[in-house]
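The block underneath contains the structure these notes are about, expressed in structure tokens.
No value in this document is a laboratory result; all are computed from the given coordinates. On a predicted model such as this, the values are computed, not experimentally measured, just so you know. Glycine gets a Cβ as well: all are built from the backbone with ideal geometry, and neighbour counts include every protein chain shown.
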Amino acid sequence: MEFTARLNRVLMSSESSSGGESDTNSTTPSTQEGSSGESVHGNAEVLSESAASAEMITSLQSQVAEITSKYSEANDKMYRIAADFENSRKRWEKEKGDLKSYCISEFARDLLPVIDSFDKAMTVIEQLTLNVDTEEGKQVASIVEGVQLVSKVMADTLKKHGVEKLPGKGEPFNPNFHNAIAKTVDATLQQEVVVDEFVSGYRIGERILRTAMVRVASPD
């Protein structure tokens, strides 16, 4: 009986050992499969993060391109507005100058007969022979001086506002400046020349207020 009991214990011990080895062998592949699964899952997460990063970079690049395009468009619009403003300013300045010139020219044109009268008075004065030793001569000399002063002030005022005399006696004939009401022939001349000026011509800037009435000498 004792032998039988010992034999049973040995057999049970042997089965227990075999069962343990079987359990060990059966758990080893599961452990390896678990490790492999964790590795695959980790790689998938890395790939997912890389894809998300690439998508974010692409989105940022798209936003930068859009902002750059809008900036260029706004910059071009600003330059166009500035150019339009500058053109408007120049046009306004020109119109203002033309209006000022027109107003002055109308006034100066109305003033030309007065200027002609002063010119005739100056011509007469230059031909006078005054005797300043007499009381009458002194009075006339005083009047002459006053006329000369007024004539000079008027000429300076007109010049200040751009009104100028046209070239006259001794200058080459210019049909834009001169109205030839008399002609003479002078074979010594190489071109037509103004030899006498009956009425002076005037201009303001490039605008002719009145052409000069002159006598012209021509070579033939």
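Quick look at the numbers
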item: Distance (nanometres) between label positions extended 7 Å along Cα→Cβ at residue 53 and residue 110; result: 8.7
item: Backbone HN-Hα couplings from phi across region 110-125 [Karplus 6.51/-1.76/1.60, Hz, Gly and Pro as x]; result: 5, 8, 4, x, 5, 5, 4, 5, 5, 5, 5, 5, 5, 5, 5, 4
item: Residues residue 208 and residue 152, FRET efficiency given R0 of 30 Å [Cβ-Cβ distance, rounded to 0.05]; result: 0.80
item: Cut-off under 5 Å, modelled amide H: who pairs with residue 192 long-range; result: 173
item: Fewest-first sequence of 208, 81, 104 by Cβ atoms within 10 Å of each Cβ; result: 81, 208, 104
item: Angstrom value of the Kirkwood radius, inverse mean 1/r, which spans all Cα pairs in region 162-220; result: 11.4
item: Two-decimal log10 I(q)/I(0) for region 54-107, as the Debye equation yields it once each C-alpha is a single scatterer, q = 0.13, 0.24, 0.25 Å⁻¹; result: -0.56, -0.87, -0.89
item: Hydrodynamic radius by Kirkwood, which averages 1/r over all alpha carbon pairs of region 93-220, in angstrom; result: 16.7
